[in-house]
Amino acid sequence: MTVARLIAVDDESSVDSLSATPCVLVVGNFDGVHLGHQAVLGQAVDQARSLGVSANVLTFDPHPAGVVGGGAPQRLTTLERRAELVAKLGIDRMYVRRFDTAFAAWQPERFARDLVVGALRASVVVVGENFRFGAKRAGDLTLLRALGAQLGFDVRVHAVASDARGRYSSTRAREAVVAGDLDEVRRVLGRPHSLSGVVAHGDERGRTIGVPTANLVDIPELLPPKGVYAVTADRYSQGAFAPLARGVTNIGVRPTVGSGGLSVETYLLDFAGDLYDARLRIHLVARLREERKFGSLDELKAQIARDVSDARAALVEP
């Protein structure tokens, strides 16, 4: 697994500690790294290679809307996952600027002078057509181009990519995840939505009915609706995620056994081993059914057997 170099940026960052050479810099949040993002980043990489410079990304954490807006949206991808996805497109570094109230008060001129040029050495800046920057979103494309002419960088505005259903966007992907429309999620992201976390001890009821599960906790990504899903799972080891197994994941409150709290539990097919404290990432490939209560444990076991069969069918490689 290749990961773009993740570099934190703050008020003390300078060219000495970050980038000493010019670059093509793409600015945005890139949550989800959807097909629209992929098109823009791919073009930026091609341009960087033609100029003989690096292709870098500038993003922000936490989400600006959580500091100066009405609240940050739930994330589709962690920063670590974004770094992995952009690296696959050829991005060399992903700079993460801490977004706080102090940074939000920067005037547009300071943003361009101190960050874009002073710290990151951008010779080309790539932004979206609705890009705004600086305190109270005062900076627009006209001002960015003027600052570029003054400070020595070119500005490229990327076109919005879309399909027959509309423009690709993180919002569209989130709405599809919330609706449990995994086909639409794949149309927007170009891949399944993923959840990551650590395997923790649960009540181990699954073992009593012959279906041991990995109980995933501390999940930072947006959850789909309660239900049963066919998944593939990766395990983190030696600095990277690697394929582990196929599986069936239940997201819900397990009404038949009365656990009460929401859980994300995965039964891994054709796998045996201890996964406690392991980091896993599960890819939601298909939604098999809604969560429901059964009249007995025998009925539940029979349904789980059908779920496993359905998952195997859904996870067959084309």
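The values are calculated or read from the model by the stated rules, or taken from the named source; none is laboratory data. Since we're looking at a predicted model, the values are computed, not measured. When we count neighbours, we look across all protein chains shown, and the Cβ atoms used for this are built from the backbone with ideal geometry, even at glycine.
Observations on the model:
- Residue within segment 115-134 that is surrounded by fewer than 18 Cβ atoms within 10 Å (Cβ to Cβ), more than 23 Å from the chain's Cα centre (by Cα) and assigned to a helix (DSSP H, G or I) present: yes
- Test for residue 76: is it surrounded by 15 or more Cβ atoms within 10 Å (Cβ to Cβ), at pLDDT 95 or above and part of a helix (DSSP H, G or I): no
- Boolean, residue 275 is surrounded by fewer than 16 Cβ atoms within 10 Å (Cβ to Cβ) and either under 22 Å from residue 189 (Cβ atoms) or in contact (Cβ under 8 Å) with a residue 60 or more places away in the chain (or both): no
- Taken residue by residue, segment 226-247 has no member that is of a type outside the set (Gly, Ala, Ser), at pLDDT below 95 and within 20 Å of residue 292 (Cα to Cα).
- Scanning segment 278-318 for residues that are free of Cβ contacts under 8 Å to residues at least 12 places away in the same chain and in contact with a helix residue (DSSP H, G or I) (Cβ under 9 Å, 6 or more places away or on another chain) yields a count of 0.
- Within segment 10-28, if we keep just the residues that are crowded, with 20+ Cβ neighbours inside 10 Å and at pLDDT below 95, the residue that is nearest to residue 128 (Cα to Cα) turns out to be 19.
- Matching residues in segment 279-302 - criterion: being crowded, with 17+ Cβ neighbours inside 10 Å and at pLDDT below 95: 300
- When segment 144-199 is filtered for residues that are assigned by TED's automatic domain parsing to the domain that holds residue 107, of a type in the set (Lys, Arg) and assigned to a helix (DSSP H, G or I), only 145 remains.
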